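Everything below concerns the one structure shown next.
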Amino acid sequence: MLTNAAVKAARARASAYKIADERGLHLFVAPTGRKSFRWRFRFAGQEQLLTIGQWPDISLDAARARAEAARERLGRGMDPRTAPAVMTFERAARAWHAQQLAGWTAVHAADVIARLEADVFPAIGNNELDAIDAPAVLRIVRAIEQRGAIQTARRVRQRISDVFALAVSEGWAQTDPAAIVGRALARAPAARHHPALTTVEDARALLAAAELVDASAAVKLASRFLALTAVRLAAVRGARWCEIEDLYGNAPVWRIPAVRMKLAATKKLDAGNDHLVPLAPAAVAVLRAARALRWGWTSFPRPRRI
């Protein structure tokens, strides 16, 4: 398959050539160096060729979206060359989503497209972009607000606006109808302060109560370690012994790899973004107890009082 880098790097040769993408779509490079996206297909028993557009006026993602629209037209028995393929909101949204993948984690990317599929595509997914107006967008976000999901409604409106920003830039649409809708949304609810323990005595009482819970020793140790390090629960659940440095030395540290942190996908690949957690003596005691438990020792150090 083609990549943006491959399209950019393609150079002129003595004779024209093409670089395949998928399902008939390819980049055609002329001897002059001019690059264009073309789609090869069969219609009425004959092989045909549709020129989608010239690069860089048409991006790779845009070419794929237009080729997909042409395929749908062909699937309905229509010649894709007789009329320009209609760019619908869903096609534009999937092109936008594909552009963002490099900077997102797989979990976040799946969450974004799932929300669009659940709340947006059923309402306007098949609509041509310029046929979508502000009231149509407002109806979508109002329906989400009525479920009590105020913040979700705001995020959905922003993502619709992001799709239109790409569409306007690519020439698929004239305006962004979601831009003005933000002013019509319900006010975000006032921030609520979650209950918190604010004294050392209360914290000690909670830890003591946790020790009395009917749970396994491993669960109790994990709970105490969480309290002593103040990291995310997921970090403790996914902890590995190889992340613990100098456990029996003078400066014990827990190095949580960036790949396990809540970061942008690009930052996860940089070890410079590892999260270092200095371990207090009480936290070290918990880890030693956990290691003893893992090795099946019948006794191990009691957690130190904090």
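Observations on the structure shown:
- Its Cα centre serving as origin, the chain has a Cβ charge dipole (Lys and Arg +1, Asp and Glu -1) of approximately 520 debye.
- Along the chain, the exposed loop sites are trypsin sites (Lys or Arg not before Pro) outside DSSP states H, G, I, E and B with at most 13 other Cβ atoms within 10 Å, and the longest stretch free of them is 77-146.
- Other-chain or far-sequence residues with amide H under 5 Å of Tyr17's (modelled H): Val29
- Shape of the chain, Cα gyration tensor, a/c cut at 1.5: prolate
- Between His194 and Glu117, the modelled labels are 2.9 nm apart [label points 7 Å from Cα along Cα→Cβ].
- Under the Karplus curve 6.51 cos²θ - 1.76 cosθ + 1.60, θ = phi - 60°, whole-Hz ³J(HN,Hα) for segment 113-119, x wherever Gly or Pro sits: 5, 5, 5, 5, 5, 7, 10
- Shape category assigned to segment 200-294 from the gyration tensor of Cα positions, a/c cut at 1.5: prolate
Any read-out appearing in this document is the output of simple, stated calculations on the displayed coordinates, not a laboratory observation. Being a predicted model, the structure only gives us computed values, none of them experimental. Cβ atoms come from the backbone with ideal geometry, glycine included; neighbour counts cover every protein chain shown.
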